[in-house]
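Participant: Structure below; questions to follow.
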Amino acid sequence: MSRIAGYLPESTAREWFTDPYAFIVSATGAVGSAEPVAGGYRVTGRWPFGSGASHATQFMGLAAASDGGSNNQPPICFYFAREQVTIHDTWHVSGLRGNRE
């Protein structure tokens, strides 16, 4: 999702990508909730998977925005700094192992 830089305001792109190791991880399942608050949204949720999450500097998650009524709004992409995210180590699968040779 680092390609998002082309859509960001220049000042935000420069801030995020000053770090040469900047890496944005995304989870596109709209499982978050976004509640309007003064100045923006309060976003909560638990996204099931983000490849490379342990290396991310920013995260993107989709969240369903509420308009305060019964109208469903399309999901919105929200970006979070690493400090705002908790990574739950739940990805334990069989058969995925690198060869060290």
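Participant: For the chain, report the accessible area per residue in Å² (1.4 Å probe, heavy atoms, rounded to an integer).
Facilitator: With the other protein chains kept in place, the chain gives 76 Å² per residue.
Participant: Hey, another quick one. Tell me the mean residue ellipticity at 222 nm calculated for the chain from its helices only (DSSP H runs of n ≥ 4, each -39500 (n - 2.57), averaged over every residue, nearest 500).
Facilitator: -2000 deg cm²/dmol
Participant: Something else: First compute the accessible area of the chain with a 1.4 Å probe, then give the percent of it belonging to carbon and sulfur atoms.
Facilitator: 50
Participant: How big is the chain in terms of Cα radius of gyration and Dmax, in angstroms?
Facilitator: Rg, Dmax (Cα atoms, Å): 15.9, 58.
Participant: Something else: If you count the DSSP beta bridges with both ends in the chain, what percent of them are antiparallel, to the nearest 5? Before the final figure, lay out the partial values.
Facilitator: On the way: 13 of 20 bridges.
Looking only at bridges with both residues in the chain, the antiparallel portion is about 65 percent.
Participant: As a test of reading the structure, rank Tyr79, Tyr41 by solvent-accessible area (1.4 Å probe, protein chains only), most first. Present the calculation step by step, with values, prior to reporting the outcome.
Facilitator: Working: Tyr79 60, Tyr41 105 Å².
Final ranking, largest accessible area leading: Tyr41, Tyr79.
Participant: To continue, here is another question. What residues have an amide H closer than 5 Å to that of Val31, excluding those fewer than 5 places away on the same chain, when H is modeled at 1.01 Å from N in the peptide plane?
Facilitator: HN-HN under 5 Å from Val31: Leu62.
The values are calculated or read from the model by the stated rules, or taken from the named source; none is laboratory data. Here the structure is a predicted model, which means the values were calculated and not measured. Remember, those area values only see protein heavy atoms, side chains included, never the ligands or the DNA or RNA. Shrake-Rupley method; radii C 1.70, N 1.55, O 1.52, S 1.80 Å.
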